[in-house]
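Below: one structure, written as structure tokens.
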Amino acid sequence: MLGLIWARQAGLDDPLRLRRAEATRRVLSLELNKDRDVERIHGSGINTLDIEPVEGRYMLSGGSDGVIVLYDLENLTRETSYTCKALCSVGRSHPDVHKFSVETVQWYPHDTGMFTSSSFDKTLKIWDTNTLKSADAFHFKGTVYSHHMSPVATNHCLVAVGTKSPKVQLCDLKSGSFSHILQGHRQEVLAVAWSPRHEYVLATGSADGKVKLWDVRRASGCLSTLDQHNGEKSKASSEAANSAHTGRVNGLCYTNDGLHLLTTGTDDRMRLWNSFTGENTLVNYGKVCNESRKGLKFTISCGCDPEFAFVPYGSTIAVYTVFTGELITMLRGHYTAVNCCVFQPNFQELYSGSRDCNILAWIPALREPVPDDVSEKSLPQQHLNPAYEDAWSSSDDEG
Amino acid sequence: MDLRLAELVEELTTSGEPRLEPGKMKELKKICKSSNEHISHAYHLLLTRLREEHAEMRFSAFQIVRELFSRSHQFRTLLISNFQDFLELTVGIDHEQPLPPPKEVAQKLRKETIKSVQEWHEKYGEAYKKLSLGYHFLKKNKKVDFEDVHARTVAERRREEEKQKRLDNVYKEKAKRAEKEMEEMSQEIADTLTEMENCFRLLLPDPFDFTVHDTELEPNKQMPANEDRPASPWSSQVEVNQSYIECMDDEQPCCSKDILSQCVRTDTELDEKQEKPEQKDLDEDTCSESQSGILALDDDDDYETFVRNHGLLSHKYALDIEISPDIKVRENEDNTAIINNVMDAHRLLRNKFWPSVQSWIQLFTKAGINDDRLRCAIDLKNKMETAMKKYKEMNISFKARKRKVMKALDDDDDDDEEDEDEFVEVPEKEGYEPHIPDHLRKEYGLEPQSPPKALTGTTSTGPPPLSSHTQLKDNEDELDPTCAAATLKLIRDKLPKLPPPHASDSATTEPTGFEEPDSKRRKLEEERAKAPLMPYGLDLHYWGQDQPSAGKILKFASEHRFWAPSEVEEEVENKEISEMLKTRYITFAGKFEPVKHKCRARMPDGRLCERQDRIKCPFHGKIIPRDESGIPINAEDRAREEKMRFEKQAAHPEWRDPEFMREIEAATGVDLGSSKINGKEGKKKGKKKKYPNLTDLKQQANTSRSRLEKKVFNKGAMKRVVKAMNRVDQRKHEKFANQFNYALN
């Protein structure tokens, strides 16, 4: 670390290098920290989390009872231990509250004044953050599994919505109406994701096992359908043709540069695709346990040297390196299935929501003092908390 | 040390005890204290123990975990890092992974774990994040109520409360109803009780009533004994007293007036009679003295004059009166009405009031009513109890009761006046004949009264000899007023004085030979008692008749013109059929004779075999006579047995005594094959349970069903059955191979 700083000062290194090294170190040392807590507001499972990309300060959470809560993540108290406060919430008594489980919440990518939420009550709601009122609502024929707004779009303001119907619908926030319908899937669409690189490119994953890439400017059909066998086997069996997973596809996530797409399916597999060519990169992640019948929200770190993927794995969160498929660690802390996790890139923090109503904050562990420069004084400090002390009785025969 | 640690954990967790053994626990703690390595080793050992499918094992392991948890930080971190699994294994939070049996221990384990999680949370919750998360998880998601150890849900509790409330209401309602009922009925009960009491008093005057006389007698005692008194006012009393003399003796009423009037007297009573004239002369006090069986002793100075005045020869008269201690009231004409009354009252009490009073008390106690109402009910119950007890003590010996209906028909029955009020007298039916002549009985649809013995009280039955049960049945019939037999009996009872027609006939026709038929009759009766009862059959139907045509089969000659058999025997005699008409098969099953002898062969432990087999003991062969010590009495038997023993010994030479060999083996460490000799024992040892202290979970499965299953679903048996079935199929196939539908399979 000191070496890196010195090299940076000397101008020997790329300016990004120190940053990358430190970020990677921090991600690798993520742990359940007793100093960080998230206020318990939800009375039922957490389905979705989103941190606004502008400041990285506010987090939205959607519960399976329709409640949406807004948290402040920033610790301004100057104390080590901090409980993330809930600034406001759309509770059950709120007039505009979702009737059923909220499946996805997302901030408006360019401003914290607005956010969107979609729910099993077949609506997509646009919220004004400051007044905490629903500004608009789109109604659909089927339950809404997922929606997404393009993080880079400047020319359009479209929300892609995946519902129970196989048609992907695009809602134009400017006009407040449905602008497109994308046809091609055979079953319900569980996951949608806009590319962070090209503002008109959309990826959708469906229960029929297919992942399609669309250019929303082209009305005739999809750009391509991802094929897990890269077209080799599909000649033999037409049924398996162009399927990304043999089970349902319930998770989609672009890497930050938008060059790759990560998908998960109920066949307990995770696949990394070249989003430009649509090729399966054949990275082997091993078995990624996935029993969710709905969409699964997983995330990819940002600004680390090898990038990491944080994927819910039963009641734990598995951390993989994206490009090599190596399982780094399992984060244990939840007591039931984890539904979603979200990465905070500024401080390398991870937040996860689970069916056991908890939102857990995974914070990088503080660097432990190197034994060389530890003076004898600091030794007892290690045991500051009396709970960490051993309590063996002193007499020999007592044990 | 690691080995020792594993050993300790195993021993502690397989003890099956609800508490850990402190000595071993201490040792374990000491080992764990020595280094962190040991702690993590112990942690892994314990976790494997917790994963065992046995609640007792888990419980013991949990107890060790609790001990270590409170002591070591290392252990805490290890456990908390895997807290989900721990909770799954000890609380059973995963419904797909319930706690293993036995159930009670699993419940206890659950309870204890929840308790300790709470304690841990209070103590370490802040320091260990996951611990508090787990605690909140249990509290919020699994709705574990840490206050209520029973871990019941709120809904359950509410339901229980409501149920209790509803029950309370129901009881209250019932109690109210019972109260009303009691108010109505208590008057009735009181009436019945007083009626009974009065009846008792009439039947058996209360001995305490006599104290009235006694007090009257008391002043007399103080009077000079020789004072002449006009006997007239006393005479009646004396008489009364005399009749109750026996009762006065030990202040216990022992007989009633009826007994005296009935003139059923024991010898002592006769004695008493002899004494009576003297007694009559005596004064009251002497009389009372004589009651106590001691002649006047107190007046010593008057002694002489007393003797003289009364003309007694001696002062030493002793009057012994023996009294049968139990009371017996006998029914007679005088007290029938009273007894009837008592009986009715008693029946009323027993059948109607007693159950209702009891149910009231039950209701009141259930409803939690604890005031006058309950007291009143208990009072009533006590009163009834005493009355009923008294009734029992009275020991009333009834005449054989007849049904009242019959009594009502009975116009000259004198013992039910009150019945006569109730029942309208029925005039005699026209053409009603109290006695039906024997030859006419058939016309009336009655059984013939042929044997003269029917007079003794049972209706006669037909030709089949009377067996005891038919007689019994007849008696029952007589008791049933709706039955013709009852009427008959009534008629017979009513006319006892009328000489029975047969008797009179015989008396008139054979006045001299009256004795003879009597003896004959008795003989006949005896024979009848001996004769077996047989069902009616063809052989009885044709008894004594010769049937010429029986067994003959007639064959009709063919009337065909051309097709006639050359020779037709028109009549064929079948002897079997004719025999059949005359024979009767009686199965002779013999009689069961219980085996009285025992095997009595000597068993290895010195006792004699107790088996009682008829011919052959399954263990010791044919049963032969043996003496006290189990040695056969017959010489050849003895020799045979000796030989057998010899042969057996030859098979197992003495020097290969298994125990001896085992000792040698233990000493030398060389296998001499001792376990082979006694194969059975060796096998048993091998099968010994691994952890004898734990509850055997498989044992519960040892039901009759499982044992049968073992037999039926045995691989060998299945194979056999399949083979047999295949064989049958095969045979069928061979038989019908040429047929289309069988050829296919």
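Assorted remarks:
- Rounded to the nearest 10 Å², the accessible area of residue B:130 at probe 1.4 Å: 20
- Mean partner shielding of peptide B:132-141, defined as the number of other chain Cβ atoms within 10 Å of each residue Cβ, is 4.
- Between the stretch A:325-370 and the stretch A:144-178, the alpha-carbon center distance in angstrom: 29
- Out-of-range pairs (alpha-carbon distance over 25 Å; input B:26/B:130; A:125/B:142; B:111/B:165; B:596/B:622; A:287/B:103; A:297/B:115): B:26/B:130; A:125/B:142; B:111/B:165; A:287/B:103; A:297/B:115
- Residue-normalised accessible area of the stretch A:167-217, expressed per residue, 1.4 Å probe, Å²: 39
- The stretch A:3-63 and the stretch B:58-89 have Cα centres spaced 32 Å apart.
- In chain A, the calculated helix contribution to ellipticity at 222 nm averages -2000 deg cm²/dmol per residue, counting -39,500 (n - 2.57) for every DSSP H run with n ≥ 4.
- Applying the Karplus relation 6.51 cos²θ - 1.76 cosθ + 1.60 with θ = phi - 60° to the stretch A:65-73 yields 3J(HN,Hα) values of 9, x, 7, 10, 10, 10, 10, 9, 8 Hz, where x marks Gly and Pro.
- Sequence-distant residues sharing a close amide H with residue A:191 (under 5 Å, placed H): A:205
- Counting only other chain Cβ atoms within 10 Å of each residue's Cβ, the peptide B:17-26 averages 1.
- Highest-first packing order for the peptide set A:35-42, A:197-204, A:18-25, A:170-177 is A:197-204, A:35-42, A:18-25, A:170-177, based on the mean count of other beta carbon atoms within 10 Å.
- Near residue B:722, once Lys and Arg are set to +1 and Asp and Glu to -1 for all other residues with Cβ below 13 Å from its Cβ, the sum equals +4.
- Here's how it looks for residue A:82: its modeled amide H is under 5 Å from those of A:36, A:37, which are all 5 or more places away or on a different chain.
- Per residue of peptide A:308-314, the mean number of Cβ atoms on other chains within 10 Å of the residue Cβ is 0.
- Residue by residue, the stretch B:363-374 carries 3J(HN,Hα) couplings of 4, 5, 5, 5, 7, x, 8, 9, 10, 4, 4, 5 Hz when phi is fed to the Karplus relation 6.51 cos²θ - 1.76 cosθ + 1.60 (θ = phi - 60°); x denotes Gly or Pro.
- Annotation for the stretch A:239-333: GluC sites (Glu not before Pro) lying in DSSP loop with at most 16 further Cβ atoms inside 10 Å of their Cβ are A:239, A:291, A:326.
- Amide H contacts under 5 Å for residue A:316, placed H, 5+ residues apart: A:338
- Computed on chain A, with alpha-carbon pairs under 8 angstrom and 6+ residues apart, the relative contact order is 13 percent.
- Greater than 31 Å apart at Cα, pairs in B:139/B:366; A:294/B:108; A:85/A:294: B:139/B:366; A:294/B:108
- With θ taken as phi - 60° and the Karplus curve 6.51 cos²θ - 1.76 cosθ + 1.60 applied, the whole-hertz 3J(HN,Hα) list for the stretch B:49-55 is 5, 5, 7, 4, 8, 8, 5 Hz, x standing for glycine and proline.
The values are calculated or read from the model by the stated rules, or taken from the named source; none is laboratory data. Remember, it's a predicted structure, so these values are computed and weren't measured experimentally. So basically every Cβ, Gly included, is an ideal-geometry build from the backbone, and we count neighbours across all protein chains shown. Please note that ligands, DNA and RNA were not included when accessible areas were found on the heavy atoms of the full protein model with its side chains. Shrake-Rupley method; radii C 1.70, N 1.55, O 1.52, S 1.80 Å.
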